[in-house]
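What follows is one structure encoded as structure tokens, with my remarks underneath.
Just so it is clear, none of the values below were taken in a lab; they were calculated from the coordinates. Note that the structure is a prediction, hence the values are computed from the model and not measured.
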Amino acid sequence: MMHNAIKGLLIKDFCLMKGQKQFFFAIIIVWVIFFGAKLSPVYMASYVTMMFGFFTLSTISYDEYDNGHAYLFTLPMSRKEYILEKYLFAFLVSLVPGVVTFIISFVLETAKGNEVVLLEYVFSICIIVPAALLILGFEIPFQLKFGQEKSRIALMVPFAFIIVMSMLLKHVKGLIGIDVSALMNQIQNLHIGIIILSAVCIFAGFMWISYRISCKIVDNKQF
């Protein structure tokens, strides 16, 4: 059974979301434009999933406003419960809107007589939601540490590192004696079950590390 403190925090954050009418209106407008332009449902679901997922960061900003954390942590809850609720909220607001968008798109495409493949929809949502959560897994600790504005700048560092490493990879592979193309072919030849299990383990490990880092940041903060 979910702890009452986490339930209360979830209700608080969903109430914050409920009050953002302009936020929902902007998403609906863009969604209608995407649908009118006959873009792939994947684009529409990706947009909706990312936008709703990133609302998690807005709730942290609301909590920080006017020294709100100092008040929140006088309530009967631990700082770990506060962080756990943020990750749970991120999961819910990424998964549910993404799934709903795909269902609506699937129904509309079917109603128009277009050929749709349900498996492609399911596969797409299984990629989009974890991708959104991975980005949030980077962003949440940064925002907790540096605040909303500075976190945007700080977040550029790991992404810049990834881009630079990707560019250097083709030059490095000759020096270290690893044939990256052959390695990728070997990965593709693996059983799909092994690939999925590996991906799930890597994803879960990353989110756990992100959660632990966030807990450490909040534990060391003075409010």
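For the stretch 199-205, what does the Karplus curve 6.51 cos²θ - 1.76 cosθ + 1.60, with θ = phi - 60°, yield as ³J(HN,Hα) per residue in whole Hz, taken in order and with x for Gly and Pro?
Once θ is set to phi - 60°, the couplings for the stretch 199-205 become 5, 5, 5, 5, 4, 4, x Hz.
How large is ³J(HN,Hα), in whole Hz, for each residue of the stretch 20-25 in order, when computed from phi with the Karplus curve 6.51 cos²θ - 1.76 cosθ + 1.60 and θ = phi - 60°, using x for Gly and Pro?
8, 5, 5, 4, 5, 5
Thinking of the stretch 7-132 as a set of Cα atoms, what percent of all their pairs are more than 18 Å apart?
The answer is 57 percent, as a whole percent.
Tabulate in residue order the Karplus-calculated ³J(HN,Hα) for the stretch 133-139, using 6.51 cos²θ - 1.76 cosθ + 1.60 with θ = phi - 60°, rounded to whole Hz; enter x for Gly and Pro.
5, 5, 4, 5, x, 6, 6
Kindly flag which residue pairs out of Lys12/Lys216; Lys18/Lys86; Lys12/Lys80; Lys12/Lys221 have an alpha-carbon separation exceeding 20 Å in this structure.
Lys12/Lys216; Lys12/Lys221
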